[in-house]
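Take a look at the structure below.
Values quoted throughout were computed directly from the atomic coordinates according to the rules given, and no laboratory measurement underlies them. Note that the structure is a prediction, hence the values are computed from the model and not measured. Note: ideal-geometry Cβ built from the backbone for every residue, glycine included; neighbour counts use all protein chains shown.
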Amino acid sequence: MTEPHEYSNLIGGEPRPAADGRTLDSVNPATGEVWARVPRGGAADAAAAVAAARAAFPAWSRLPAAARAHTLRKVAGVIAANARELAELETRDNGRTINETAGRDLPGMAYLWNNAAAECASAAEGRSVDFGPGSLGLTRREPYGVTLGIIPWNSPISTFSAKAAFALAAGNTVIIKPAEQAAVSSLRLGELLREVLPPGVLNVVSGLGEEVGDPLVRSRDVDKISLTGSVGTARAITRASADAPKPLALELGGKSPNIVFADADLDKAAPGVTTQAIFTANAGQICYGGSRVLVQRPVYDEMLRRMTEIAAGIRLGDPSSPGTGMGPIVSRDQFEHVTSYLETGVKEGAELVFGGRSGAAAIDDPALAGGYWVEPTLFATADNSLRICQEEIFGPVAVVLPFDTEEEAVALANDSVYGLAAGVWTRDLGTAQRMFRELETGTVWVNTFRKVLFPLEGVKDSGYGHDSVLAYTREKACVIEI
Ligand code: NAD
């Protein structure tokens with residue numbers, strides 16, 4: 001067997017191992033085998049990355065917008081030229097199928113970086129205020145300085161790009177902290193971008209949250225933080241940054257309702273609430289996954305029948321094979337988290353309508369028996385207070401609940417500490433418009449799901465703030481007496 005490839009951090013334009021040489025194993029979740037090693041960074045690596053980003057800030061922030069835009073377009077070119085390799089690394093690292101990483105995620109990223117390039121100029125636009133003769137007020141938009149993007153494992157290149165491209169477009173320098181479970185694609189992207197970005201403008205430091213993330217968060221030389229992650233991490237970051245306060249953007253979890261009204265086109269709604277929303281290529285490991293399916297009673301039995309039929313047709317298998325419908329759960333810890341809810345649902349008295357098997361029992365390929373497999377699983381209950389209805393499972397597990405009236409659907413949908421997204425399936429434009437208003441979520445999709453429109457921002461425990469060019473600037477008030 002060949003030795004797993006070892007990846008490096010990117011600090012000040014140089015590939016570097018962790019200062020103390022420690023590494024973390026990167027496990028292929030489809031097999032359970034170690035396939036790569038990544039740096040296990042600590043306080044020294046955090047300090048080095050902050051110093052490099054700080055040193056690079058004056059020159060980068062003073063570049064004319066057109067010059068920054070030119071560089072960001074080169075980044076888009078590098079991503080496009082290396083898209084297949086990055087997609088394969090991500091698929092091997094977190095189990096999202098190659099159909100999605102190569103077919104959807106990577107093409108979208110070149111587009112995102114080009115968009116950020118196009119918005120460089122708007123980052124410098126301020127307002128002017130007329131104070132009367134001889135007096136003028138104006139606002140200047142300025143970058144924050146050094147920004148820190150902390151990213152999760154479920155969609156590394158996308159979250160890396162959303163946190164780096166807009167921040168760089170606005171003139172900030174950036175540190176990306178990838179998740180320990182799936183850092184490889186981010187580290188490789190950092191390595192590739194050495195060719196086009198000046199040293200220190202973008203830094204990538206991998207390691208555990210408590211070991212390298214925490215010192216980055218506490219640093220007085222980090223001026224803004226954007227986290228995509230769990231509510232628990234958001235709480236830790238909020239506390240840790242209290243002594244050196246800085247703006248936070250927190251893009252957190254969800255328990256999204258997907259509401260099917262009796263007048264909906266069921267041919268669209270059935271795949272819409274299953275393969276589009278929760279039984280996805282990456283096994284439902286999506287922040288806005290539609291994990292609660294609310295179905296109006298006249299179509300409840302029919303929807304349950306259709307959802308079961310779709311779930312039964314999903315093929316679990318090697319995520320790097322184009323024929324695979326659903327990949328594994330990212331890690332052993334996360335697998336145990338998800339499977340614990342399979343037991344919880346049964347214990348709580350929900351009806352197990354389909355699925356429920358996990359590990360080797362869920363996969364018929366012996367070569368993948370060591371992987372972290374969970375079948376698409378459907379529970380049914382009328383009790384939205386159950387833990388499986390309230391807590392984020394972050395796997396291919398959906399709970400189906402019946403409702404009678406529109407008011408009841410709204411009450412059930414909003415009965416959650418989360419408020420990230422919601423889906424609505426109806427032919428009635430009046431219903432759709434009322435749902436836009438009534439649902440306490442950052443996004444509402446009607447007759448579709450997972451069609452992301454920025455800003456992707458949550459309410460309640462799903463967080464606040466988002467990534468965009470303007471969000472990476474602050475507005476300075478300037479007044480002049482002439
Ligand atoms: P997580 O919160 O465990 O980890 C996210 C990142 O935070 C990792 O890089 C981790 O190392 C880092 N981290 C952990 N503790 C830290 C600390 N004390 N200081 C600094 N950094 C720290 O989340 P996860 O398990 O990787 O991802 C799953 C979660 O992310 C789910 O809750 C999911 O809903 C959420 N998510 C949200 C969105 C969104 O856009 N709203 C998108 C994807 C995932």
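For the pair Asn414 and Glu302, how long in nm is the line joining their label points, each one 7 Å along Cα→Cβ?
2.9 nm
Can you pull the one-decimal nm distance between simple spin-label points at Lys451 and Arg437, each 7 Å off the Cα toward Cβ?
Those two pseudo-labels are separated by 2.3 nm.
Take Asp130, Asp428 and order them by how many other Cβ atoms sit within 10 Å, fewest up front.
The fewest-first ordering by Cβ neighbours comes to Asp130, Asp428.
Quick check: Cα centre of the range 227-283 to Cα centre of the range 334-408, how many Å?
The two parts, judged by their Cα centres, are 17 Å apart.
Take the Cβ-Cβ distance between Asp265 and Ala66 as r, set R0 to 41 Å, and report the resulting FRET efficiency rounded to the nearest 0.05.
My answer for the efficiency is 0.30.
Using only Cα atoms, what Kirkwood radius does the chain have, in angstroms?
23.2 Å
Please compute the alpha carbon radius of gyration of the range 257-453, then divide it by the globular-protein estimate 2.2 N^0.38 Å. Two decimals is fine.
That works out to 0.98 for the range 257-453.
Students often get this wrong: which residues of the range 178-197 have the backbone nitrogen under 16 Å from the point 7 angstrom along Cα-to-C-beta of Ala59?
Hits in the range 178-197 for Ala59 at 16 Å: 194-197.
Let me check against my output: what whole-number percent is the relative contact order of the range 257-453, with C-alpha pairs under 8 Å and at least 6 apart?
Reported as a whole number, the value is 28 percent.
If you rank Val353, Val338 by fewest surrounding Cβ atoms within 10 Å, what's the result?
By the 10 Å Cβ count, ascending, the order reads Val353, Val338.
Peptides 310-317, 27-34: what's the order by average Cβ count within 10 Å, highest mean first?
Ranking, from highest mean packing down: 27-34, 310-317.
So how far apart, in nm, are the two label points at Glu191 and Cys478 if each is 7 Å from Cα heading toward Cβ?
4.4 nm
For a test of understanding, tell me how many lysine pairs in the chain have Cα atoms under 24 Å apart, given they are 8 or more places apart or on different chains.
22
Does the range 1-130 classify as rounded, prolate or oblate by the C-alpha gyration tensor (a ≥ b ≥ c root eigenvalues; a/c under 1.5 gives rounded; else a/b over b/c gives prolate, otherwise oblate)?
oblate
Quick one: compute the contact order of the range 109-190, relative version, from alpha carbon pairs under 8 angstrom and 6+ residues apart, as a percent.
For the range 109-190, the relative contact order is 31 percent.
Trypsin sites (Lys or Arg not before Pro) within the range 194-280: which are DSSP loop residues with at most 15 other Cβ atoms inside 10 Å?
Arg194, Arg220
Pulled fully out, how much extra length does the chain show between Ala81 and Arg220, if you take 0.36 nm times their separation in residues and subtract their Cα-Cα distance?
Working it through step by step, the gained length comes to 46.3 nm.
Using each residue's phi in the range 377-392, evaluate 6.51 cos²θ - 1.76 cosθ + 1.60 at θ = phi - 60° and report the 3J(HN,Hα) Karplus result to the nearest Hz, with x for Gly and Pro.
Per residue, the Karplus-derived 3J(HN,Hα) values read 10, 10, 10, 10, 7, 10, 10, 6, 7, 4, 4, 5, 9, 10, 9, 6 Hz.
Which FRET efficiency, nearest 0.05, do His337 and Asp383 yield, Cβ-Cβ r, R0 30 Å?
0.85
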